[in-house]
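Bear in mind these aren't lab numbers, they're just calculated from the coordinates by the rules spelled out. Here the structure is a predicted model, which is why all the values come from computation and not from measurement. So basically every Cβ, Gly included, is an ideal-geometry build from the backbone, and we count neighbours across all protein chains shown.
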Amino acid sequence: MNHRKTGRRLNRTCAHIKALKKNLTLALLRHGQIKTTLPKAKELRRFVEPLITLAKEDSVSHRRLAFAKLRNDEIVAKLFNDIAPRFKERPGGYSRVLKCGFRAGDNAPMAIIELLGWKEAKARATKGWTPPQEIKR
């Protein structure tokens, strides 16, 4: 029976699932968006969103909890200093999963998972960024 078992197995062992979630999370937080299969993207969303909620309140204990899951000082610092402040007023829903067709080799459904506002944050980091203007109709 599959009662009270949450999450997806993705046809992997427990340790492999844990490593997969960690590696996908590091890639998403580093790049802002990644392309992966749809089930992996949906499972990744369940792992990343609580981390961002944790990072919204910056404390030593929260940094240690985030480091225990990610094991990467650079990404933990980016999470607390760059990513979480962007979502300070937002109560949840920090990422979006967009379906993007099927993979050529095995016809697996593919998806793009991205953090909301990552394009604007990337543009701000470059020179000459101006905020987008509203179009009056």
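Listing for the model above:
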{"quantity": "Rule-of-thumb Rg ratio for the chain [Cα; 2.2 N^0.38 Å; N residues]", "calculated": "1.17"}
{"quantity": "Chain lengthening between LYS119 and LYS99 when straightened (0.36 nm per residue, less Cα-Cα)", "calculated": "5.4 nm"}
{"quantity": "Simple label model, 7 Å out from Cα along Cβ direction - ARG46 to ARG4, nm", "calculated": "1.6 nm"}
{"quantity": "Coarse-grained scattering of segment 1-40 at q = 0.17, 0.31 Å⁻¹, given as base-10 log I(q)/I(0) from a Debye sum over alpha-carbon atoms", "calculated": "-0.53, -1.12"}
{"quantity": "Among the listed pairs LYS5/LYS56; LYS5/LYS99; LYS40/LYS69; LYS35/LYS56; LYS56/LYS136, those beyond 23 Å (Cα-Cα)", "calculated": "LYS5/LYS56; LYS5/LYS99; LYS35/LYS56; LYS56/LYS136"}
{"quantity": "Rg/Rg_globular for segment 91-130, with Rg_globular taken as 2.2 N^0.38 Å and Rg from C-alpha atoms", "calculated": "1.65"}
{"quantity": "Most to least packed among 5-12, 44-51 [average Cβ atoms within 10 Å]", "calculated": "44-51, 5-12"}
{"quantity": "Dipole in debye (nearest 20) - the chain, about Cα centre, beta carbon charges: Lys, Arg +1; Asp, Glu -1", "calculated": "420 debye"}
